[in-house]
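Data block below; observations after.
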Amino acid sequence: MRSGASALTRFRSIALGGMSLADYGFYILCATAVVLLLAEAVRDTTNFAQTLVFGLTQGAIFALIALGYTMVYGIIELINFAHGDVFTLSAYIGTTILGLFTVTEGSFTALNLVALVIIFPVVMLIMGGINVAIERIAYRPLRSAPRLAPLITAIGMSFFLEGVMFLWKGPATVHFPNILPQWTTTVGGVFFGLKDIFVIITAAILVALLAFFINRTRLGKAMRATAQDRDAAQLMGIDINRTIAATFFIGALLAGAGGVIYGLYYNTVYYQLGFRTGLIAFTAAVFGGIGNIPGAAIGGLIIGLTAAFSDSYIGGKWTTVVIFGILIGVLVFRPTGLLGMRVPEK
Amino acid sequence: MSNAAKARPTLRDRLNIRERIRDRDTAVYGILIIVAVLFPLVTVYATGGTALVSHATRAGYWVLLAIGLNVVVGFAGLLDLGYAAFFAIGAYTYALLASPQLASSPAHHAVHINFWILIFGSMLMAALFGAILGFPTLRLRGDYLAIVTLGFGEIVPQLFYNFDQWTGGINAVGLIDQPLLPAWIQGPWSGDGDFKIVSPFSFNTDPVAFYVLVCFLIAIAVILVTNLYRSRLGRAWMAIREDEVAAAAMGINTVTTKLLAFGIGASFSGFAGAYYAADVALVSPDNFLFIVSITVLVMVVLGGMGNITGVIVGALVMYYLVFYLIPGLPENATSLASSIGLGSLNQSSGDWPGLGEETQRLNFIIYGGILVGMMLLRPQGLLPSRVREQELKHAAVLEEASAVEEGARA
Amino acid sequence: MPESTENILELTNLTKRFGGLVAVDNVSLHIKRGEVFALIGPNGAGKTTLFNNVTGLFTPTAGRVVFDGRDITGSKPHQVARLGIARTFQNIRLFDYMSCLDNVRVGRHVRMKAKVWDSLFKLPWERREEERVTDEAMELLRFVGIAKHANQYARNLAYGQQRRLEIARALATDPKLLLLDEPAAGFTPQEKVELMQLVKKILSRGITVFLIEHDMKVVMGISERIVVLDHGEKIAEGPPDEVRKDVKVIEAYLGKSA
Ligand SMILES: Nc1ncnc2c1ncn2[C@@H]1O[C@H](COP(=O)(O)OP(=O)(O)OP(=O)(O)O)[C@@H](O)[C@H]1O
Ligand SMILES: [Mg+2]
C-alpha cells in the first residue's frame, strides 16, 4: 500500500520539460477526446453540429448555476446544496409572473416582449432577496459552527424549497409559457432556433456583467479579498457579513436568470428539477476549479457539451457515468480543476 | 501512592457503577439496551403484530450505516457524500450471489451462497471498492474528496441500472435468500421439537429474528468501533481531522490512515447492504440514490459527529422522523380531524386537496424545516463528543490529580 | 564519515523557491549533537521555510538535507518524524478537539506497534501498550508542567500552556532533534525564563535543539551557536557574542532596534 502510494506520487512528479507525466496523460486524454470528436464531426457533420448547438445551450444554463456554487464556495467554503432549488424556484416564480400577463404562446407579440423585458429583472431580484434571506437564516448563525453544520442546513433548505414548490404547484410538471419567437432555421441540416441563440447570448451577457462586477467594482473586489483571506479582509475594513450577503445575492441573480431561461427554453419545470441540475452544475464548478469564476463558466459549457455528446453518441443512460467519471478523472489527474487554480488554503 | 489506594477495592468500587451511570455515554448505552430488549416485547404485546418490530429492524441498518459513516466523517473528518454507493455494492453482492438472479444472466447459473459467509464477502467487496476509490483520491484536499465520493455515489447505482443483463436493472433483483440460522441455534429449543423455550424463531416467518440479528450486529459494530476509537488508529484519525499537517509532522502516514478510515467505513456500509438485501429480499438501484447518502450524513452530523452514542441516537431519531413520523402525518392529521369533528376538512373540494393530501404536500417543508431548526439549535449535534470521562479514571491521571491535591494542601 | 556522527543535521546548499521568490537561498549549516542551535533573522527571512524543508513539508528546490548520517532530502513528513526529527509550529497547531493527553499520545503514535486488528479486538498486548503510552504521555505532560490539564481539550488551554503542550507532543515522538519555531513568541519575561529552563531540561535528555527565535535574550541565553538568515541567505554564523558584533547582522537585523 505504502510503496504504491509513493509510486503514484512519483508518477505525478516525474517531470519532462516542465510538465509532469500526469499532465501529459491528461493532455493526451484530452487530445484523444478531441480527435475522436473531430473524426465524428467529419463523418456526420450534421449530427455533430446539432449536438454542439444543444450542448452549448444546455451548457450556458449550467454555467449560470455553476457560477453561484463557485462564488459561495469561494467565499465561505460551503457546498450550497440549496442553490439548485433556488434555480428551480425562479422558474416557478417566473411562470407565475408570466401568468399575470396575457402573453401569447407560440408567436411573438409586443406584450411578450414587454413580459420578457420585465420578467428577468423582477425574478432575479426576488431570487436575490430570497437567497440573502436564506443565508441570513440558515448559514450566517452557523459561521463559527463545525464545518458540516451549514452543509446540513443547506440540505435542509434544499428540501424546504422543494417543499414550497410542491405545496405551491403540486408534484406534477409545471408549464412555463412558450413566449420566445418561434423562428427556426436549418443550416446544412442543423436545426436551430432563435431560442438557442437567445439562451447563449443572454448567458454570455450575464457572465460578462459578472466579470465586470467582480473585477471592477468595490464590492466585487471586496468579495475577492474576502475569498482570499477573510481575516485580512476584515482588517482592511471590509464588512464581511455584507460581502457574503452580496455573494449570495449575485449568485441568486444568476441562478434566477438561469431558471427563467430554462423555463423559456424547455417550457416545463418540476419541483425536483434543481436537485440533479444543481448536482451537475456543481460538478461543472468543480471542473473549472471551484472558487474560480471563469472556470465555472467554462466548466458549465464543457459539462453541457459532454452531456449532449454523451446523450447523442453513447446513450442517455451512460451520461451520468460519463460526466461523473470525467469528474473523478480530472480530480485525480488535476486536483485543482481544469484551469488549475488553487483553492484558497485556509 | 496513598495507603487507601493500595487497599483492596471492594466489589462496588471496582464496578464503579455510580460513576458509570454518571458518564453520559454509559447511560445512553444502558438506555439503548433496555429499550432494545423491551421494544419487541412491548410492541408485540400492545399491537399484537410485528409491524413495529420490522420498522425497528430497518432502523437498525441505518444505525449500522451511520456508525460506519461516522468513522469516515466523524473520526477522520473526511466528507463522504457517496456513502450509499458502498451500501449498494454490499447489497448487490449479496443479492446476486444469493438469489436466482444470475440464472437469467449471461452466466446462466444461479448462485446461492450462505448468508453468514456472504455478509463478510459483501463487507470485503465494499472495502475493496472503498480502497480503489480512496487510493488515488484521498490525497485530495478535503472538499474535493467530498466531490469525488459524490460522483462515485452517482455512478454506482447508474451502473447497476445500466448492466441490466446481470442485475435486472430497474426490474430489481428479487427472491433473495433469507439467512438460515446455524443448526445449533435451530435446535429443539427453537420450538420445532417438544422442548420449547422460545416460540418458533426463523428468518422466513418471524420478523423478530431479523430484529434480534440486527441488534447483535449493532452491538458488535459498536464494540469494534469503540475499540478503534480508543486506539492508536483512532487517535491518528482524529489528529488528521484536526490538523493534517501537524498529524503528518507527528509521524502519521496520512494517506494510509485515511485509506483505512475509508475502507472500514465502506465495509460497514457493505455489511449493512448485505443485511438489508436479506431483509427486504428485493434490491433495485433506486434504493441507493444520493438521498440515502445524505440521510446517513444527516444522521451522523445531527447525532453528534465523532460520538458513537450520539450517532446511534441521531440515526434512530432521523429514522423515526423520515420513515415513520413524517410519512404517517397525513393519516394522523386525517384521523385527528375526524375525531375532533372537522372531518369535512378531509374531503377535497375545489383547490383544497383534502387534509391528508395537503399534509402530504407539507412533508418536504417539515423535513427541511426540522433539519435547519435542529442544526441551528444544536450545531454540535444532539450528543456532541466530549473528552472521554473514562480517561479520568486512568491510574496515571488519578495519581496526578491526587498529587495536585496534596500540593494544594501542603 | 566522522563528521556525520558528530553532526546530527547537515544542510548543504539548501534552496527553496516559490515561483520567483527565493525563500531559502543556498544555505549550508550543520548542527552538532547535543547543542542548542539558533536560527535568527528578520521577518520573512525564510526561517520557517527552512524548517519546513527539513521536516518534509516542502521538497527543497535544490540542496541536501542529511540527518544522522542519512540523506532525507524530499522525504515525507511522517518518514522524517519516524527517523527522529520533531517540531513545533510558529502558529500553534494542536489538535484542538482532542484532550491534552490524546495530543501527546498522538505524538507517541510513531513509536507504537498496534495494528488495526490488535486494536479492533483489544488484544492484551494492545491494551498493555495503551497503558504504557498513557503513562508515558502523562510523564511528558508533567515534564512540561501541564499534567493537571490532561483531560481538557487542547483548545481550552491558555496560550503559554498550548506552547508547552506542543513541545510535549513533539517530545513524545522520541526525537533526536527537536525543532522549535519561535517557542517564546508572545511570552512574558517570566514565561521566557521558564521556557529556557525547559529547553535545558530537554537538552539534558540527550535531545539536540534547533530553534528559531526572535527574542535575543532567549537566543543569547541558551544557544551555543547561531546562524543568521536574511532574505533567504545565510549572512552570519558563530557563537552568540561574535554574531552580536557582526556588522552585517547589525545592519540586517539588530540595526533596526539599535
Ligand atoms: N507556501 C508558500 N508559498 C509561497 N511563498 C511562501 C510560502 N511559504 C513561505 N513563503 C514566503 O517565503 C518567505 C519566507 O517565509 P518564512 O515564513 O520562511 O519566513 P520567516 O523567516 O519564518 O518569517 P517570520 O519571522 O515572520 O516567521 C516569505 O516571503 C513568505 O511569504
Ligand atoms: Mg516563521
Using the alpha carbon gyration tensor of the stretch A:16-333, what are the three equivalent-ellipsoid semi-axes (square root of 5 times each eigenvalue), largest first, in whole Å? 30, 28, 18
Past the 28 Å Cα-Cα mark, which pairs from A:K221/B:K258; C:K32/C:K217; C:K113/C:K176; C:K16/C:K248; C:K47/C:K148? A:K221/B:K258; C:K47/C:K148
Distance between modelled label sites at A:I205 and C:Y159, nm, 7 Å Cα→Cβ extension: 5.5 nm
Contour minus end-to-end for B:A103 and B:I117, with contour as 0.36 nm per residue of separation and end-to-end as the Cα-Cα distance? 3.0 nm
Can you give me the angle between helix C:124-144 and the longest principal axis of chain C, using Cα atoms only, in degrees from 0 to 90, rounded to the nearest 10? 40 degrees
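What is the magnitude of the charge dipole of the protein assembly as shown about its Cα centre, with +1 placed on the Cβ of each Lys and Arg, -1 on the Cβ of each Asp and Glu, and no other charges, expressed in debye to the nearest 20? Write out the running numbers ahead of the final one.
Details: 82 positive and 74 negative charges, 410 e Å.
With Lys and Arg at +1 and Asp and Glu at -1, about 1960 debye.
In Å² (nearest 100), what accessible area is buried between B and A, both sides summed, heavy protein atoms only, 1.4 Å probe? Provide the component values of the computation, followed by the final result.
Numbers: alone 22160 and 16720 Å², together 34190 Å².
Result for this pair: about 4700 Å² buried.
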Just to verify a number: what accessible area does C:K192 come out at with the full protein assembly present, 1.4 Å probe, Å² rounded to tens? 50 Å²
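Just for the protein assembly as shown, what percent of DSSP beta bridges are antiparallel, to the closest 5? Each step should come with its number before you reach the end.
Details: 34 of 50 bridges.
So the antiparallel bridges in the protein assembly as shown amount to around 70 percent.
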Expressed per residue, the solvent accessible area of the protein assembly as shown in Å² (1.4 Å probe) is about 43 Å²
Label-to-label distance, nm, for residues given as B:I220 and C:H214 (7 Å Cα→Cβ offset): 5.8 nm
Estimated vicinal HN-Hα couplings, Hz - the stretch B:321-326 in sequence order (Karplus 6.51, -1.76, 1.60; Gly, Pro = x): 5, 6, 10, 10, 5, 5
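Can you pull the percent of the protein assembly as shown's accessible area that's carbon plus sulfur, 1.4 Å probe, other chains left in place? List each step's numbers first, then the result.
Details: 27300 of 43240 Å².
C and S atoms contribute 63 percent here.
Averaged across C:71-83, how many Cβ atoms of other chains sit within 10 Å of each residue's Cβ atom?
Numbers: counts 0, 0, 0, 1, 0, 8, 11, 11, 5, 3, 7, 2, 1.
Partner Cβ neighbours, averaged per residue: 4.
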If I ignore ligands, DNA and RNA and count only protein heavy atoms, how much of A:I314 is accessible to a 1.4 Å probe, in Å² to the nearest 10? 100 Å²
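Mind listing which chymotrypsin sites (Phe, Trp or Tyr not before Pro) in the stretch A:97-200 are in a DSSP loop and have 11 or fewer other Cβ atoms within 10 Å?
Values: sites: A:F101, A:F108, A:Y139, A:F159, A:F160, A:F166, A:W168, A:W183, A:F191, A:F192, A:F198; in loops: A:F101, A:F108, A:W183.
Answer by residue number: A:W183.
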Once you have the Cα-Cα distance between A:A172 and A:R140, take 0.36 nm times their residue separation minus that, and quote the gain in nm to one decimal. 8.1 nm
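Rounded to the nearest 500, what is chain C's calculated 222 nm mean residue ellipticity when only DSSP H runs of at least 4 contribute -39500 (n - 2.57) each, over all residues? Numbers along the way, then the final one.
Values: 11 runs with 103 residues, N = 258.
Estimated from H runs of four or more residues: -11500 deg cm²/dmol.
With a 1.4 Å probe on protein heavy atoms only, work out how much accessible surface B and C bury together, total over both chains, in Å² to the nearest 100.
Chain pair B/C: roughly 3600 Å² of buried accessible area.
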In peptide A:35-45, what is the residue-averaged number of other protein chain Cβ atoms found within 10 Å of each Cβ? 0
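The values are calculated or read from the model by the stated rules, or taken from the named source; none is laboratory data. The structure presented is a predicted model; accordingly, all values stated were derived computationally and were not measured. Cβ coordinates were reconstructed from backbone atoms using ideal geometry, including for glycine residues, and neighbour counts include every protein chain displayed. Accessible surface areas use protein heavy atoms only, side chains included; no ligands, DNA or RNA. Shrake-Rupley method; radii C 1.70, N 1.55, O 1.52, S 1.80 Å.
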